[in-house]
């Protein structure tokens, strides 16, 4: 029975060591979320979001840079969190830019209608 007990302890030690090593390895890098954040920032910049929503674009760029730094330092949880926030900020900036462009377009149309003697 002693041999079985020693074998059981050895087996538990191996299992615990494996779990500990796996825990230290952490999560995989958030490659897809990082790529999505970069894409959203680029798309928002292409939509002139820096002009129409400068605060949101600044936040998106800053969070993306911090996410890239965290990923480089293997802090994958932080990298993922910041990449998600960067994506959200870039999406908001793009939405604000689109809304402002639409508002300006509507104002131009209203002015054109008024110039033609409309209602």
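Readers should treat all values here as calculations from the given coordinates under stated rules, not as data from a laboratory. Small disclaimer: the values here were computed from a predicted structure and weren't measured. So basically every Cβ, Gly included, is an ideal-geometry build from the backbone, and we count neighbours across all protein chains shown.
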Given points 7 Å out from each Cα along the Cα-Cβ axis, report the residue 101 to residue 74 separation in nanometres with one decimal. 4.3
If you find the alpha carbon centre of the range 45-94 and of the range 100-116, how far apart are they in angstrom? 33
Quick note, the range 26-115: a/c under 1.5 would make it rounded; otherwise a/b > b/c is prolate and the rest oblate (a ≥ b ≥ c, C-alpha gyration tensor); here it is prolate
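Sorted by average packing, counted as other Cβ atoms within 10 angstrom per residue and highest first, what order do 31-40, 84-93, 68-77, 108-117 take?
Most protected by this proxy first, the peptides run 84-93, 31-40, 68-77, 108-117.
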